[in-house]
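Working notes, beginning with the structure itself.
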Amino acid sequence: MKTTELAELIKGRRSIRAWQEKPVSEDLLLQAIELATYAPNGGNQQNWRFYVIVKPEIIQSIGDAVQASADYFSSWPEVSKLGENTARMLQRSSFFRRAPAAIAVASSQYQSPVDQILAAREKTDAKAHQMQQWRNLANSRIQSVSSAIAYLLLVLHQMGLGAVWMTGPMQAKGEIEKILKVPAGLDLVAFIPVGYPAEQPPLRERKPVKDVCQVIK
């Protein structure tokens with residue numbers, strides 16, 4: 001693949017929130033996930049776990065859990081100060097109910113040897129505590145899963161599918177983990193509705209590279 005072709009693929013991907021009433025092949029989703037597992041990951045832990053959901057009732061149950069959480073959040077007086085856009089967003093937190101498929105992504109709990117040492121030492125060593133805080137800002141297991149999700153979204157796009165990377169459903173993490181029977185030791189980190197696109201969102205303008213990049217010489 002030429003760089004121009006890769007650029008076209010990357011720039012053509014969109015976050016899709018409306019889908020055709022057309023089933024998505026389970027095999028196609030598994031193929032996409034297999035390619036996603038070639039993403040870079042900390043210590044080659046491959047600490048991801050993917051839950052492929054093609055049963056409408058399960059997606060509906062997850063939607064119910066997410067919407068119930070959003071409605072509870074909306075009832076707080078503090079939320080009224082956030083404006084109408086936020087209110088509308090919360091009202092349609094479960095828009096993904098209409099997706100023909102979804103992929104829930106979980107991550108195994110992992111503490112590297114360095115983290116284990118810092119965790120023990122930070123109780124009595126201020127510098128070790130600061131080092132641990134810095135490392136926590138760049139949590140390796142979340143970085144690893146995020147790289148796999150980025151791969152996954154590109155592969156799905158190449159397959160003609162549309163998806164959206166959601167972290168909002170994390171507000172119902174416990175309920176979703178119960179629905180999916182996620183075992184102890186794993187944490188839900190993202191939810192990705194998938195289907196054949198029923199919309200073509202415009203490209204949102206990106207900041208110029210000069211505004212987001214600094215060359216150190």
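The values are calculated or read from the model by the stated rules, or taken from the named source; none is laboratory data. All values reported here derive from a predicted model rather than from experimental measurement. Here Cβ is always computed from backbone atoms with ideal geometry, including for glycine, and neighbour counts include all displayed protein chains.
Residues checked against (1) farther than 30 Å from GLU21 by Cα; (2) of a type outside the set (A, V, I, L, M); (3) assigned to a helix (DSSP H, G or I):
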site	(1), (2), (3)
ASP64	no, yes, yes
PHE96	no, yes, yes
VAL105	no, no, no
ASP115	yes, yes, yes
ARG141	yes, yes, yes
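Can you spot a residue in region 85-106 that is modelled with pLDDT of 90 or more, over 15 Å from the mean Cα position of the chain (by Cα), at positive phi and of a type outside the set (Asp, Glu)?
no
On the basis of being polar (S, T, N, Q) and either surrounded by fewer than 13 Cβ atoms within 10 Å (Cβ to Cβ) or without any contact (Cβ under 8 Å) to a residue 12 or more places away in the chain (or both), does SER61 make the cut?
Spelling it out, it is not the case that SER61 is polar (S, T, N, Q) and either surrounded by fewer than 13 Cβ atoms within 10 Å (Cβ to Cβ) or without any contact (Cβ under 8 Å) to a residue 12 or more places away in the chain (or both).
Does region 87-96 include one or more residues that are exposed (fewer than 15 other Cβ atoms within 10 Å of the Cβ) and under 19 Å from GLY160 (Cβ atoms)?
No, because not a single residue in region 87-96 is exposed (fewer than 15 other Cβ atoms within 10 Å of the Cβ) and under 19 Å from GLY160 (Cβ atoms).
Test ALA150 against the criterion of being out of contact with any helix residue (DSSP H, G or I) (no Cβ under 9 Å at 6 or more places or on another chain) and of a type in the set (A, V, I, L, M, F, W, C), and give yes or no.
no
Quick one: how many residues across region 175-193 are in contact with a Leu (Cβ under 9 Å, 6 or more places away or on another chain) and farther than 19 Å from ASN47 by Cβ?
Total satisfying the criteria: 0.
When you go through (1) hydroxyl-bearing (Ser, Thr, Tyr); (2) exposed (fewer than 13 other Cβ atoms within 10 Å of the Cβ); (3) part of a helix (DSSP H, G or I) one by one for SER69, which number turns out not to apply?
In the conditions (1) hydroxyl-bearing (Ser, Thr, Tyr); (2) exposed (fewer than 13 other Cβ atoms within 10 Å of the Cβ); (3) part of a helix (DSSP H, G or I), SER69 misses (2) alone.
Within the group ALA32, ALA102, ALA7, ALA36, which residue is in contact with a Pro (Cβ under 8 Å, 6 or more places away or on another chain) and either more than 27 Å from SER140 (Cβ to Cβ) or touching a residue at least 24 places away in the same chain (Cβ under 8 Å) (or both)?
ALA102
Does region 105-123 hold any residues that are farther than 30 Å from VAL194 by Cα, surrounded by 15 or more Cβ atoms within 10 Å (Cβ to Cβ) and in contact (Cβ under 8 Å) with a residue 12 or more places away in the chain, and which are they?
Within region 105-123, ASP115, LEU118 qualify.
Are any residues in region 33-61 part of a helix (DSSP H, G or I) and either within 15 Å of the chain's Cα centre (by Cα) or over 18 Å from ALA99 (Cβ atoms) (or both), and if so, which ones?
ILE33, GLU34, LEU35, ALA36, GLY42, GLY43, ASN44
Only residues in region 124-146 that are without any contact (Cβ under 8 Å) to a residue 12 or more places away in the chain count as the first member; pair them with residues that are assigned to a helix (DSSP H, G or I) and surrounded by fewer than 15 Cβ atoms within 10 Å (Cβ to Cβ), Cβ under 8 angstrom, at least 6 apart or cross-chain, and list the lot.
Once the first residue is without any contact (Cβ under 8 Å) to a residue 12 or more places away in the chain and sits in region 124-146, its partners that are assigned to a helix (DSSP H, G or I) and surrounded by fewer than 15 Cβ atoms within 10 Å (Cβ to Cβ) give ALA128/ARG121.
Just to be sure I understand, how many residues within region 188-207 are crowded, with 19+ Cβ neighbours inside 10 Å and not aromatic (Phe, Trp, Tyr)?
Counting residues in region 188-207 that are crowded, with 19+ Cβ neighbours inside 10 Å and not aromatic (Phe, Trp, Tyr) gives 7.
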